[in-house]
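What follows is a set of notes on a single structure, which appears directly below.
All of the numbers you see were taken from the coordinates with simple rules; none came from a lab. Given the structure is predicted, the values throughout are model-derived calculations rather than measurements. Ideal geometry is used to build each Cβ from the backbone, glycine not excepted, and the neighbour counts take in all protein chains shown.
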Amino acid sequence: MTPHNIQSLRELRILPHWILWRLETVKGRPTKVPYQPHHPTRKAATNDQAHWATYDDAALALVTHGFNGLGFVLTGTDFVAFDLDDCRDPETGALDDWAQELARIIHESPWHRNGHGSSAGLTA
């Protein structure tokens, strides 16, 4: 799947909202556990900016300390993200039809403020 808005990815990269994650088993299920780039033995919290880092610092810690990936903390930004589970063929990577349709709707639909300072709505 190709991102529709590469500019948004550039905008994310300049914000110091990056953490690391390692795939660990939690309660019998594989889970992406967040860690702090500047203190890679400590878990990260999405509500504590002291746990986050720049993209460059997090990317360096990713390679140096053998984590599985980078994460972006949405807290305090104007960005929104959707995580769709069980929506791809594990062998081909092809998105299921319902996931493709949802991605199209989200991409093409107008967003609006809900009248509350931190709320927004999607009109689809």
*Which of 73, 80, 33 has the fewest Cβ neighbours within 10 Å, and the rest in rising order*: 80, 33, 73
*Give the shape of the range 19-117 as rounded, prolate or oblate, defined through the alpha-carbon gyration tensor: a ≥ b ≥ c are the square roots of its eigenvalues, a/c under 1.5 means rounded, and otherwise the shape is prolate if a/b is larger than b/c and oblate if not.*
oblate
*For the range 12-103, what's the relative contact order in percent, using C-alpha pairs closer than 8 Å and at least 6 residues apart?*
27 percent
